[in-house]
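What follows draws every value from the coordinates through simple rules; no lab data is involved. What you are looking at is a predicted structure, and each value in this text was computed from that prediction instead of being measured. Cβ placement follows ideal geometry from the backbone for every residue including glycine, while neighbour counts extend to all protein chains displayed.
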Amino acid sequence: MDGNGRWATQRGRPRLFGHHAGAKRVREVIESCPDVGVEYLTIFAFSTENWKRTQVEVAGLMSLFRRYITKEARALHKFGARVRFIGDRVRLDAKLIKMMDDLEEMTAGNTRVHLTVALNYGGRDEVARATKRLALDVSKGLLDPDDVDEETLPKYLDTYVLPDPDLVIRTSGEARISNFLLWQSAYAEYEFIDTLWPDFSRAEFADLCAQYGGRERRFGAVKV
Ligand code: FPP
């Protein structure tokens, strides 16, 4: 969801104004998922690198996340969204963690849209944390090093219950992955679009999903 800061600056407003505008777009995208055939949606809300921003922006974003959960929890549940969070919770404040846990628990039985929010998430950090847990299992004798392969490692990732992404959309004209779902996106299709996140519309989302539907994916193989 990139481009909130620039969107606000273009309007002579503080960056947090852009994040608030960006939060409003999230609801629309979630609600259009069933119409465009998306069952799993993952949004990148805060990266492990985002702590480097000013204290004002970081605190403002954390407060926005708490407000977002308070305001949207019931609507998300009513809509049938199952909400999960990925990322390292250790650095987040206890109140926010409790709200995340409660939202996950409340929506645990929903299946209409699987919404995953990446919060204090970094792909490298995730792989490092997964490796640590895997090494611990090896040291306890629960896992044989000979059994560590492409099937085993993802079981230790935050996304272990989720399918790999088919399509990754990055807004705001930056053609970078920025540490998002590094392992999981090995075969994802990418769309880098110029639209700043607060301007991202249902129509654009639908167009990108339709274009994706027309692509041929070979996963390294040759079409026969
Ligand atoms: C990146 O834009 C955006 C973020 C770091 C925050 C995204 C958060 C929201 C949209 C709030 C909604 C959150 C939830 C959980 C629904 P940027 O600040 O890097 O923009 P810039 O590149 O223009 O500076």
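Over the stretch 34-167, what relative contact order in percent results from Cα pairs under 8 Å that are six or more residues apart?
33 percent
Only Cα pairs under 8 Å and 6+ residues apart enter the sum, and on that basis the relative contact order of the chain stands at 26 percent. Stretching L182 away from Q10 to a fully extended chain increases their span by 58.8 nm, per 0.36 nm per residue minus the current alpha-carbon distance. For N120, the residues whose modelled amide H falls within less than 5 Å of its own, excluding neighbours fewer than 5 places apart on the same chain, are F46, S47.
The number of Lys pairs in the stretch 31-175 with C-alpha atoms less than 18 Å apart, excluding pairs fewer than 8 positions apart on the same chain, is 5.
Placing one equal scatterer on every Cα of the stretch 1-43 and applying the Debye formula, the log10 ratio I(q)/I(0) at q = 0.31, 0.35 Å⁻¹ is -0.98, -1.13.
Across the options I169, L92, C209, the greatest Cα extent toward the positive end of the charge dipole of the chain (unit charges at beta carbon of Lys, Arg, Asp, Glu) belongs to L92. Among S178, S185, S172, the order by Cβ neighbours within 10 angstrom, fewest to most, reads S178, S185, S172.
By the beta-carbon count within 10 Å of each Cβ, the least crowded to most crowded order of F44, F17, F219, fewest first, is F219, F17, F44.
What relative contact order, as a whole-number percentage, does the stretch 125-224 give when Cα pairs under 8 Å and 6 or more residues apart are counted?
Normalised by residue count, the contact order of the stretch 125-224 is 22 percent.
Each principal axis of the Cα cloud of the chain was taken in turn, and the coordinate range along them, longest first, works out to 57, 51, 35 Å. For the chain, a simple Cβ point-charge model (Lys and Arg +1, Asp and Glu -1, everything else neutral) yields a dipole of about 1100 debye relative to the Cα centre. I need the shape label for the stretch 32-106. Rule: rounded when a/c is under 1.5, else prolate if a/b > b/c, else oblate, with a, b, c from the alpha carbon gyration tensor. Prolate is the answer for the stretch 32-106, as a/c is 1.5 or above and a/b outweighs b/c.
Measuring max minus min along each principal axis, the C-alpha atoms of the stretch 140-201 give extents of 51, 17, 16 Å (largest first).
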